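Student: Have a look at this one before I ask anything.
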Amino acid sequence: MQTAKQLSVSLVNKPGRLAAMLTALNKEKVSFRALVVMDTGVRGTVRFVPDELSAATDVLERLSVRYEATDVLLVEVSKQAGAFRKICERLAAEHLNIDYVYASFAERGSKGGGLAVIKVNNLAKAQKVLSENGGTNARRQFPVRRPMYAR
């Protein structure tokens, strides 16, 4: 697990806008560890974790594209069933809120599971929680909650 800078960009939701930005980034050999595009109607939000932050921001500034840089967690998720659920449970048990998540998944047949990009309300605490007891794959018992209304 590590932290990284994520860039968020808002683009007009019209054909070619995303392609133009990606082409400009590609010309400067900027690659991504993860990327997600979300439609919000008239505008779309592009969030990505570039391999080279300064190169990516230079390209965006030349294009006059506003961006926001945010610290996020990059968490390896194993291929084991329920692995991501366990990460969420560990964060929830410590009252950490996940603002959003997106992921890049490994190809079929590869040994790795994928990489989750997680934006949380307290980055330092989340790092500590996920680093405890051998990392994100450690087994931990969570308190069992009783139903709010018993019959």
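The values are calculated or read from the model by the stated rules, or taken from the named source; none is laboratory data. For clarity, every value in this text was computed on a predicted model and none was experimentally measured. Quick reminder, even Gly has a Cβ in these numbers, built from the backbone with ideal geometry, and neighbours come from all protein chains shown.
Student: Please pick out the residue among VAL30, VAL37, VAL59 that is more than 22 Å from ALA126 (Cα to Cα), outside the structural domain of ALA124 (by TED's automatic domain parsing), touching a helix residue (DSSP H, G or I) at 6+ places or on another chain (Cβ under 7 Å) and in a loop (DSSP other than H, G, I, E, B).
Tutor: Only one candidate qualifies: VAL30.
Student: Among the residues in region 73-83, are any touching an Asp or Glu at 6+ places or on another chain (Cβ under 8 Å) and not in a loop (DSSP other than H, G, I, E, B)?
Tutor: For region 73-83, residues touching an Asp or Glu at 6+ places or on another chain (Cβ under 8 Å) and not in a loop (DSSP other than H, G, I, E, B): absent.
Student: Please pick out the residue among ALA56, ALA34, ALA69 that is at pLDDT 95 or above, small (Gly, Ala, Ser) and buried (at least 17 other Cβ atoms within 10 Å of the Cβ).
Tutor: One residue alone meets the criteria, ALA56.
Student: Right, another one. Can you confirm whether region 11-21 contains a residue that is over 12 Å from the mean Cα position of the chain (by Cα) and either part of a strand (DSSP E or B) or in the same structural domain as GLN127 (by TED's automatic domain parsing) (or both)?
Tutor: Scanning region 11-21, I find at least one residue that is over 12 Å from the mean Cα position of the chain (by Cα) and either part of a strand (DSSP E or B) or in the same structural domain as GLN127 (by TED's automatic domain parsing) (or both), so the answer is yes.
Student: Moving to a separate point now. Return yes when LYS86 is surrounded by 13 or more Cβ atoms within 10 Å (Cβ to Cβ), touching a helix residue (DSSP H, G or I) at 6+ places or on another chain (Cβ under 7 Å), of a type outside the set (Val, Ile, Thr) and touching a residue at least 40 places away in the same chain (Cβ under 8 Å) and no when it is not.
Tutor: So LYS86 does not fit the description; no.
Student: Which residue is nearest to LYS5 (Cα to Cα), if the candidates are limited to region 43-53 and must be of a type in the set (A, V, I, L, M, F, W, C) and surrounded by 17 or more Cβ atoms within 10 Å (Cβ to Cβ)? Quick ask: steps written out before the conclusion?
Tutor: Looking only at region 43-53, we keep the residues that are of a type in the set (A, V, I, L, M, F, W, C), and these are 46, 48-49, 53.
Remaining after also requiring surrounded by 17 or more Cβ atoms within 10 Å (Cβ to Cβ): 46, 48-49.
On the way: VAL46: 14, PHE48: 9, VAL49: 6 Å.
Checking each candidate, the answer is VAL49.
Student: If LYS27 satisfies every condition in (1) of a type outside the set (Phe, Trp, Tyr); (2) at pLDDT 95 or above; (3) touching a strand residue (DSSP E or B) at 6+ places or on another chain (Cβ under 8 Å); (4) farther than 16 Å from ARG66 by Cβ but one, which is the exception?
Tutor: For LYS27, the failing item is (3).
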